[in-house]
Each structure stands twice: as structure tokens, then as C-alpha cells.
């Protein structure tokens, strides 16, 4: 791991611990923790959150967490994901193997296993597979967008060592503060930890969502913030979606009086995060 990524991992750990200090499971949420979806006892685990007041099948959201590919797990994203569940969704919050200990395409192999688990366990946990959604932020936005491209393009899917679960189809996805044009490697330094040396930089063009998205890409909510260092990524993606005729909704949060930074929506103590997360869930409901 590069020194830069080590510093980044430590900085994020401290920042997220401070952000979530004092938070506990909301009383209206039922949670099922540490469910294994693969063979790795550390990383192949997930949680499911459901609103206690609702029974039966619910629309489901799967969260692909951010962290520059080198940081994060389901513990870091639990409170954000439970906020989504409050809006009437069953939410799947999973950990995946991190770089550089596990490089591309390990993260997508794990994600594919998660969706396979969702498909197989829909009855037990009350997942309505006709209303299947996904969210991702930062590197996770890039990640879930790439996985959506894998699902939408059989030719592109051939470069990955797995098969998408039969019948899997997204009703919609949400991309929060994401990176979509990774040829500009100056923006996210941890890409060198994410990709194998023999694949860098040759593989970058095959991970560029602005080039990959086609007419089968799912409808999406694209969100960023006025002080997000990746805010300029969204317009390029929107231009591409306009070209291929994919429905999307864009929202820029924050203003001079209320500056909001990268992945502000994960701070569930913030009224601005509450609004952003509600808006995103409303977009999903409009698609149902």
C-alpha cells in the first residue's frame, strides 16, 4: 500500500468515528447482522435492515460503500443504510475485500456474490426483486455504476471472471459524489492500489462509466455537493446519459451559506443529509 493510501485510511477512520459518535440503532429498525455471503470470514459479510412497522416484501436497496477502494466496511455505513431503511426499504449493507490486499476485480466478484445472495434469500428477508435498487458513493458510485454496466452489456461482462445472477435487473440506482472518468488519475490516487501493476494504466479506459454507459443503463439519481471535490464528474455522466436516452435526476446540494463536502449524506446527524437521502428514496419510489 502506498503511503498516501495508508494516511487516507487512517484519516477516514478518525473522521468517520467522530461523525458517528453516540449513534445507536434507531428503535424503528430491525437488523440482521454479520450474515456470510461468501468464504472470507472478515470481508464476505453483510447486514440487512428493515423498518419494524412494515411486514412482507419490501423494495430493496443494496449499498456499495465508498472509501477509495482502500477503506471502509459495513460498520462504517450502518447508520447511513439504516436511514434509508426508514423510508420503507429493506437495505443490504455489505463489506467487500479492499485494495491493495485484494485488487481489481475482487471488489466486483464480491458484489456479484452479494447480489446472488440477495436473489437466493429474497423470500427469507422479504426482498421484492421487482423493485431492486442500489446506491454507491465516491468509489462506490463508480463501483455500482460499473456493475450496472456489467449487467447491461454482455460483451463488457466478458472481461470479468463471474456470471451475473440470472434475472437480476435494477429498477434504478443512485450515484452519490462519484467519480466516472477515471482516466484522470490525478483525482483518485488510490487507483494505483486498486489495480494490479500489470493492468495500470492500460485498464483505466475499460472502467470509464462515461464511455461504458449504454441505453440499458438503469435510471439513476446523480447527486453531488457544492464543495465536493468530485462535483465536476456529474455533468460528463449526464451528457452521456442524454446521448443514450437514459432517465436520470440530478441534484447539487449546498450553497454559499451551507457549504457541503464530499459524501456529506453519510452524516445522519445532518439535516442536509436527511434531505438528500429522502430525495433519493423518493426518486426510487417514483420508479416503482
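The values are calculated or read from the model by the stated rules, or taken from the named source; none is laboratory data. Predicted, not measured: the structure shown is a model, and the values here were computed from it. Here the Cβ positions follow ideal geometry from the backbone for every residue, glycine too, while neighbour counts run over all protein chains shown.
Check whether at least one residue in the stretch 156-175 is closer than 20 Å to residue 71 by Cβ, at pLDDT 90 or above and buried (at least 23 other Cβ atoms within 10 Å of the Cβ), and report yes or no. Checking the stretch 156-175: at least one residue is closer than 20 Å to residue 71 by Cβ, at pLDDT 90 or above and buried (at least 23 other Cβ atoms within 10 Å of the Cβ).
The listed residues are 103, 97, and the only one of them that is surrounded by fewer than 23 Cβ atoms within 10 Å (Cβ to Cβ), touching a residue at least 40 places away in the same chain (Cβ under 8 Å) and within 14 Å of residue 36 (Cα to Cα) turns out to be 97. Among the conditions (1) surrounded by fewer than 23 Cβ atoms within 10 Å (Cβ to Cβ); (2) in contact (Cβ under 8 Å) with a residue 60 or more places away in the chain, residue 53 misses just one, which is (2).
Among the residues examined, residue 279 does not qualify as buried (at least 22 other Cβ atoms within 10 Å of the Cβ), under 18 Å from residue 141 (Cα atoms) and modelled with pLDDT of 95 or more.
Answer yes if at least one residue in the stretch 124-138 is within 13 Å of the chain's Cα centre (by Cα), under 24 Å from residue 8 (Cα atoms), outside any strand (DSSP E or B) and at pLDDT 95 or above, and no otherwise. Checked the stretch 124-138: at least one residue is within 13 Å of the chain's Cα centre (by Cα), under 24 Å from residue 8 (Cα atoms), outside any strand (DSSP E or B) and at pLDDT 95 or above. Starting from residues that are free of Cβ contacts under 8 Å to residues at least 40 places away in the same chain and surrounded by 15 or more Cβ atoms within 10 Å (Cβ to Cβ), keep the ones in the stretch 191-207 and report whichever is farthest from the chain's Cα centre (by Cα). My answer is 200. Contact map, the stretch 131-143: residues that are on the phi > 0 side of the Ramachandran plot paired with residues that are buried (at least 24 other Cβ atoms within 10 Å of the Cβ) and not in a loop (DSSP other than H, G, I, E, B), Cβ distance under 9 Å, separation 6+ or inter-chain. Pairs shown: 138/176. Kindly evaluate residue 246 against the criterion of being out of contact with any strand residue (DSSP E or B) (no Cβ under 7 Å at 6 or more places or on another chain) and either surrounded by 16 or more Cβ atoms within 10 Å (Cβ to Cβ) or under 20 Å from residue 18 (Cα atoms) (or both). Spelling it out, residue 246 is indeed out of contact with any strand residue (DSSP E or B) (no Cβ under 7 Å at 6 or more places or on another chain) and either surrounded by 16 or more Cβ atoms within 10 Å (Cβ to Cβ) or under 20 Å from residue 18 (Cα atoms) (or both).
Of all residues in the stretch 139-161, those being part of a loop (DSSP other than H, G, I, E, B) and more than 30 Å from residue 262 (Cβ to Cβ) number 2. Filter the stretch 221-249 down to residues that are without any contact (Cβ under 8 Å) to a residue 60 or more places away in the chain, in contact with a helix residue (DSSP H, G or I) (Cβ under 9 Å, 6 or more places away or on another chain) and under 21 Å from residue 279 (Cβ atoms), then give me how many there are. Residues in the stretch 221-249 being without any contact (Cβ under 8 Å) to a residue 60 or more places away in the chain, in contact with a helix residue (DSSP H, G or I) (Cβ under 9 Å, 6 or more places away or on another chain) and under 21 Å from residue 279 (Cβ atoms): 11 in total. Filtering the stretch 150-157 for residues that are under 21 Å from residue 96 (Cβ atoms) and touching a strand residue (DSSP E or B) at 6+ places or on another chain (Cβ under 9 Å) leaves an empty set.
Listed conditions (1) over 21 Å from residue 156 (Cα atoms); (2) crowded, with 16+ Cβ neighbours inside 10 Å are all met by residue 252, apart from (2).
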